[in-house]
1. Can you go through Ile35, Ile67 and tell me which one is modelled with pLDDT under 95, of a type in the set (Val, Ile, Thr), part of a loop (DSSP other than H, G, I, E, B) and under 19 Å from the mean Cα position of the chain (by Cα)?
2. Hey, can you tell me all the residues within region 128-144 that are open to solvent by 20 Å² or more (accessible area, probe 1.4 Å), outside any loop (DSSP other than H, G, I, E, B) and of a type in the set (D, E, K, R)?
3. If you take the residues of region 206-231 that are open to solvent by 50 Å² or more (accessible area, probe 1.4 Å) and either modelled with pLDDT of 95 or more or not basic (Lys, Arg) (or both), which of them is farthest from Glu169 (Cα to Cα)?
4. Please verify whether Val154 is touching a Lys or Arg at 6+ places or on another chain (Cβ under 7 Å), hydrophobic (A, V, I, L, M, F, W, C) and open to solvent by less than 10 Å² (accessible area, probe 1.4 Å), treating the condition exactly as stated.
5. Test Ala242 against the criterion of being among the hydrophobic types (A, V, I, L, M, F, W, C), free of Cβ contacts under 8 Å to residues at least 24 places away in the same chain and open to solvent by 10 Å² or more (accessible area, probe 1.4 Å), and give yes or no.
6. What are the residues in region 176-191 that are open to solvent by 10 Å² or more (accessible area, probe 1.4 Å) and either closer than 20 Å to Pro83 by Cβ or touching an Asp or Glu at 6+ places or on another chain (Cβ under 6 Å) (or both), if any?
Amino acid sequence: MKQEYFPGFTFTQPNYSGDESTDSPIRENFEIRPILVEMDYLSGRLVETLSLDDLLRDDDMFQDQDISLEEDQPVRSVTEILPDFKRTLREVGQDIRYRFTMRNRELLLVPREELKPKTEEEAQRLVEKYGEYMREGSGGGCTYLKRGKYRLRVAMDDGGVLAKSTAVELAAHEFGHSLSRFLESVTFEELKAFAFASLCQQFYNGESYYMKARTDLHPDRPHDVARHYLGELLRSGVPEGAILSHLVGRRLGRFGSADYLKFI
């Protein structure tokens with residue numbers, strides 16, 4: 001079957017080496033496959049979610065940056081991260097020669113309870129898209145409202161605070177979803193969001209830890225597979241701008257949609 005995304009590049013599946021009984025609560029027989037992401041343009045229904053546990057469960061990810069959640073500046077409101085986030089968007093845009101702004105986008109820091117499924121029907125919808133691990137809720141969400149507007153939500157921890165660098169990264173992830181219509185493949189839609197988060201990390205933290213090979217990513221979790229795919233592309237020399245241009249299907253500054261082929 002023809003590879004829909006990144007033809008000419010061969011992806012592998014994550015080689016998971018963790019304890020499935022504790023680290024990977026997945027739905028049995030879950031199959032990674034293109035799934036149509038349902039969108040309700042009038043109601044503004046949640047259309048994408050990111051597991052905060054997935055983002056934070058790598059104990060080594062902060063070591064290369066010499067920061068930790070305990071040492072990082074805690075934030076309690078969006079006003080504490082919005083200036084940094086806007087500056088990061090501006091610097092990213094200057095680098096790839098494409099303007100990224102918060103126009104038509106609303107960023108909110110919300111209690112994590114707000115991003116938990118409110119009904120069994122909603123929980124089952126998340127399970128069908130991602131797997132059983134999403135039943136307990138998420139760490140962020142991107143909602144299409146109407147007329148090209150998006151609501152980006154980042155979940156706070158149970159104490160109502162969040163490390164500033166984590167808040168900026170989660171905001172970048174949700175921003176990445178808003179760069180284009182949602183892709184039919186849940187995995188590659190997540191890859192699009194992770195690629196933008198990785199790009200923002202380079203300018204906010206000085207480097208991206210998404211390039212690092214990991215053994216705690218599970219082949220039955222779309223978020224994990226997306227992170228694994230992104231790492232493979234980055235380690236092969238394909239820059240985030242080329243990845244994003246290909247996935248959004250249009251030129252982004254100095255990168256065209258087929259430019260990833262120049263790097264492989």
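1. Just one listed residue meets the conditions, Ile35.
2. Result: Glu128, Glu132.
3. Per the stated criteria, the residue is Thr215.
4. When the stated conditions are applied, Val154 does not pass them.
5. no
6. Passing the criteria: Phe182, Leu183.
Matching residues to (1) assigned to a helix (DSSP H, G or I); (2) open to solvent by less than 10 Å² (accessible area, probe 1.4 Å):
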{"site": "Gln94", "(1), (2)": "yes, no"}
{"site": "Glu113", "(1), (2)": "yes, no"}
{"site": "Leu126", "(1), (2)": "yes, yes"}
{"site": "Lys146", "(1), (2)": "no, no"}
{"site": "Thr166", "(1), (2)": "yes, yes"}
{"site": "Glu174", "(1), (2)": "yes, yes"}
{"site": "Ala193", "(1), (2)": "yes, yes"}
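The values are calculated or read from the model by the stated rules, or taken from the named source; none is laboratory data. Everything numeric in this text was worked out from a predicted model, so none of it was measured. Cβ: placed from backbone, ideal geometry, glycine included. Neighbour counts: every protein chain shown. In case anyone asks, the SASA skips ligands and DNA or RNA and just uses the protein heavy atoms, side chains included. Shrake-Rupley method; radii C 1.70, N 1.55, O 1.52, S 1.80 Å.
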